[in-house]
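**Student:** What follows is a single structure, and I will ask about it in a moment.
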Amino acid sequence: MQLVTCNSHFQPHASIASRNVGRRELFFDGVTSVCTSPHIDPRDAISSQSNSTSSQKANSDDEKSVGVMIRRKILFTRRRALLTGLAMYSWYHPSRYLPAFALGDPSVSVDQVTPPVYPSEALFPSEERIVQLFERNTYSVVNIFDVTLRPQLNVTGVVEVPEGNGSGVVWDAQGHIVTNYHVIGNSLSKNPSRGQVVARVNVLASEGVQKTFEGKLIGADRAKDLAVLKVEATEALFRPIKVGESSSIRVGQQCLAIGNPFGFDHTLTVGVISGLNRDIFSQTGVTIGGGIQTDAAINPGNSGGPLLDSKGNLIGINTAIFTQTGTSSGVGFAIPSSTVMKIIPQLIQLGKVVRAGLDLDIAPDLVANQLNVKNGALVLQVPRNSLAAKAGLLSTTRGFAGNIMLGDIIVSVDSKPVRSKAELYKVLDDYNVGDRVILKIHRGSEILELPINLEAMSS
C-alpha cells in the first residue's frame, strides 16, 4: 500500500523518499487518521530547507525519516481502542434509536392518519343472552381463599395464586356457600371443628364492590369433594344460585362456567357438554361417578364454581380438569347437581353425610390385586352383629399354616356389575338407607346370592 499524506504543509519538492508500508503494519499499529493536525513541527521545516544538501544520504536515513514523520504527523492508538471506537459508533449511531425522525412525515397531520371510530351496534341475540346470563349469575359466585395459604409475589412482580384458592356458589339467603373439599383441603387437614373459620370469602355486592368475610366450616364430604361454609352477613347481600336438573342435560348443549381462574375473579367461559357419566378422579384421591364433561375452559381457581346450562341454572360444580400442563386442555369435569342436591342439605343439617352402605371393610384395589383378585370387591372384615354378618358374608382370614383364606368377593349388586371397591361405592350411591339389595358373591368356587338391608354409613 502506498502511504500518501494529505497534510497541505508538505511541499511537493520535499524529497522524503517514499516507502511501501504494508496494510498489516498500519492496521496493527492502529492508524486512526492520516490528516490529523495542521501543526508544523519546526524541526520539519529546518529539515525541508536543508533537503537539497542532504540528498546524498543513504536509503537507511530516508527510511528513518519516513518512520519519524509517520510517528510525528499521524496520531496512533492501540488496535483495541480503534476497534472499540468503531463498535461504539455503530452501536450508538442516532439512526438506531431515532428511527421516527427518518420515517416521520411532517406534511401529514394527526387527523389525517386517525381512522374513524364507529359506534357499537346492538348485540346478536345469542350474545345478548349470554351477557344477561352472566350479569344475572355473577353475583352468586364467590372467591374463596384458604386461610392457611397466602398469595406470594414472585421476582417478576406477578402474584402467584396458591392452589388452595378457588370459587364457590351462594346456596341460600342464610349465607351458606358451596365449594369443593379440595379448595379448603389444607385447612380441613387440621381437623377443624364445626363453626371454625377455615377460609376468607369475597362476596360481590350489588354495587360491584367485593366484600370480604370469614368463612366458617359447616360440613365437608371428602367422598364427593364437596364442602359448605357459612358467611355472616345480611340476607340482602346474597343472591342464591338456581339449581337445575343434571339428569336431563344432553351432550352438545351449551353450558357456561363462572369462576376465579388464577385469581381473576368472575371470569366467564362458554362451551358445550362433551360427555356424561364420567368418572372424576378428584384431588382428594377419590373417584366420583356420574361426572359431567365439558370443553368450557376450567383452570386452577375455577374449582367450586358453577357450571350453568343455557337457562342459567346450576347443573354442576366444577371440580377437575384433565391436563398435563396444569391449565385447561378442553377437558373439564363437574359434579352433577343431582349429587350436589343429595349431599349439601345433609352437610348443612348434620355437618356430615349419611349414605346407604354395607357395614364391612373392603380391601383396597392394590391389596386385592396382590391377592390375585382381579374382578370384584374383596371383603376383608365383617363386624360381629352387623347386618352383613347376619346376612352370612365371610371375611378374609388366615389358616393354621399362615396361608390367607380369601373372604367373599362381591361381583354385583342387583345385577349391577362391581369390578372394584370404587365401583361398589358408586353403585350403592343410588340407594337409600334401609333399601334391600341382592349381592352376588364368589366364595371359593361357588357363586351365591345374598339379600341384605343397607345401613346408614357416616362420612
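The values are calculated or read from the model by the stated rules, or taken from the named source; none is laboratory data. Everything numeric here is computed off the predicted structure, so don't read it as measured data. For neighbour counting, all protein chains shown are included, and Cβ atoms are generated from backbone atoms with ideal geometry for every residue, glycine included.
**Student:** Would you mention how many residues in the range 422-438 are farther than 18 Å from Leu450 by Cα and touching a strand residue (DSSP E or B) at 6+ places or on another chain (Cβ under 6 Å)? I'd like the intermediate steps shown before the answer.
**Tutor:** Start the filter on the range 422-438 by keeping residues that are farther than 18 Å from Leu450 by Cα, which leaves 422-423, 426, 429-430, 432.
This time we only want the ones that are touching a strand residue (DSSP E or B) at 6+ places or on another chain (Cβ under 6 Å), so: 422, 426, 432.
Residues flagged as farther than 18 Å from Leu450 by Cα and touching a strand residue (DSSP E or B) at 6+ places or on another chain (Cβ under 6 Å) within the range 422-438 amount to 3.
**Student:** If Arg200 satisfies every condition in (1) charged (D, E, K, R); (2) under 20 Å from Leu307 (Cα atoms); (3) not in a loop (DSSP other than H, G, I, E, B) but one, which is the exception?
**Tutor:** Only one criterion is unmet by Arg200, namely (2).
**Student:** Let me ask something else. Take Ile317 and tell me if it is within 30 Å of Val197 (Cα to Cα), in a loop (DSSP other than H, G, I, E, B) and touching a strand residue (DSSP E or B) at 6+ places or on another chain (Cβ under 9 Å). Don't jump to the end; show me each part of the working.
**Tutor:** Numbers: within 30 Å of Val197 (Cα to Cα): yes; in a loop (DSSP other than H, G, I, E, B): no; touching a strand residue (DSSP E or B) at 6+ places or on another chain (Cβ under 9 Å): yes.
No; evaluated as a whole, the condition is false for this residue.
**Student:** Could you check how many residues of the range 183-234 are small (Gly, Ala, Ser) and buried (at least 17 other Cβ atoms within 10 Å of the Cβ)? Give the steps one after another, and end with the answer.
**Tutor:** Residues of the range 183-234 small (Gly, Ala, Ser): 185, 187, 189, 193, 195, 199, 205-206, 208, 215, 219-220, 223, 227, 233.
After this cut, where a residue has to be buried (at least 17 other Cβ atoms within 10 Å of the Cβ) as well, the list is 185, 187, 199, 215, 219-220, 223, 227.
Adding up the residues that qualify gives 8.
**Student:** Somewhere in the range 228-236, is a residue in contact with a helix residue (DSSP H, G or I) (Cβ under 6 Å, 6 or more places away or on another chain), closer than 16 Å to Thr319 by Cα and either in the same structural domain as Val178 (by TED's automatic domain parsing) or not in a strand (DSSP E or B) (or both)? Show your work before the answer.
**Tutor:** First, pick out the residues of the range 228-236 that are in contact with a helix residue (DSSP H, G or I) (Cβ under 6 Å, 6 or more places away or on another chain): 228.
Those left that are additionally closer than 16 Å to Thr319 by Cα: 228.
Going one step further and asking which of them are either in the same structural domain as Val178 (by TED's automatic domain parsing) or not in a strand (DSSP E or B) (or both), we end up with 228.
There is at least one residue in the range 228-236 that is in contact with a helix residue (DSSP H, G or I) (Cβ under 6 Å, 6 or more places away or on another chain), closer than 16 Å to Thr319 by Cα and either in the same structural domain as Val178 (by TED's automatic domain parsing) or not in a strand (DSSP E or B) (or both).
**Student:** Give just the number: which of (1) at pLDDT below 90; (2) in contact with a helix residue (DSSP H, G or I) (Cβ under 9 Å, 6 or more places away or on another chain); (3) not aliphatic (A, V, I, L, M) does Pro261 not satisfy?
**Tutor:** (2)
**Student:** Give the residues of the range 383-392 that are surrounded by 11 or more Cβ atoms within 10 Å (Cβ to Cβ), free of Cβ contacts under 8 Å to residues at least 40 places away in the same chain and assigned to a loop (DSSP other than H, G, I, E, B), sorted by residue number.
**Tutor:** Of all residues in the range 383-392, those surrounded by 11 or more Cβ atoms within 10 Å (Cβ to Cβ) come to 383, 386-392.
If we keep only those that are free of Cβ contacts under 8 Å to residues at least 40 places away in the same chain as well, we get 383, 389-390.
Correct list: Pro383 only.
**Student:** For the range 170-195, how many residues are within 15 Å of Thr148 (Cβ to Cβ) and in a loop (DSSP other than H, G, I, E, B)?
**Tutor:** 4
**Student:** Under 8 Å between Cβ atoms, at least 6 apart or on separate chains: pull out the pairs that start in the range 215-227 with a residue that is closer than 23 Å to Ala422 by Cα and end on any residue that is aromatic (Phe, Trp, Tyr).
**Tutor:** Ala220/Tyr181; Asp221/Tyr181; Arg222/Tyr181; Ala223/Tyr425; Lys224/Tyr181; Asp225/Tyr181; Leu226/Tyr181; Ala227/Tyr181
**Student:** Another one. Would you mind stating whether Ile218 is assigned to a loop (DSSP other than H, G, I, E, B) and closer than 20 Å to Gln346 by Cα? Working first, answer last.
**Tutor:** Values: assigned to a loop (DSSP other than H, G, I, E, B): no; closer than 20 Å to Gln346 by Cα: yes.
No.
**Student:** While we're looking at this one, here's another question. Any idea which residue in the range 336-371 is nearest to Trp171 (Cα to Cα), counting only those that are aliphatic (A, V, I, L, M) and outside any helix (DSSP H, G or I)? Before you say what the answer is, go through the steps one by one.
**Tutor:** First pass over the range 336-371, keeping only residues aliphatic (A, V, I, L, M): 340-341, 343-344, 347-348, 350, 353-354, 356, 358, 360, 362-363, 366-368, 371.
Now drop any that are not outside any helix (DSSP H, G or I), which leaves 353-354, 356, 358, 360, 362-363, 371.
On the way: Val353: 17, Val354: 20, Ala356: 25, Leu358: 31, Leu360: 35, Ile362: 35, Ala363: 37, Leu371: 46 Å.
Ranking the candidates gives Val353 first.
**Student:** Could you tell me whether the range 142-158 includes any residue that is at pLDDT 90 or above and farther than 22 Å from Ala223 by Cα?
**Tutor:** Scanning the range 142-158, I find at least one residue that is at pLDDT 90 or above and farther than 22 Å from Ala223 by Cα, so the answer is yes.
**Student:** Based on what the data block shows, is Leu380 assigned to a strand (DSSP E or B) and either basic (Lys, Arg) or in contact with a strand residue (DSSP E or B) (Cβ under 6 Å, 6 or more places away or on another chain) (or both)? Give the derivation first.
**Tutor:** Working: assigned to a strand (DSSP E or B): yes; either basic (Lys, Arg) or in contact with a strand residue (DSSP E or B) (Cβ under 6 Å, 6 or more places away or on another chain) (or both): yes.
Yes: the conditions hold for Leu380.
**Student:** Hey, another quick one. If you take the residues in the range 109-138 that are closer than 22 Å to Leu204 by Cα and polar (S, T, N, Q), which one is surrounded by the most Cβ atoms within 10 Å (Cβ to Cβ)?
**Tutor:** Asn137
**Student:** Further question on the same structure: Could you say which residue among Val201, Val209, Val231 is within 17 Å of Asn302 (Cα to Cα) and of a type in the set (A, V, I, L, M, F, W, C)? If you could, list the steps in order and put the result at the bottom.
**Tutor:** Details: Val209 fails: within 17 Å of Asn302 (Cα to Cα); Val231 fails: within 17 Å of Asn302 (Cα to Cα).
It is Val201.
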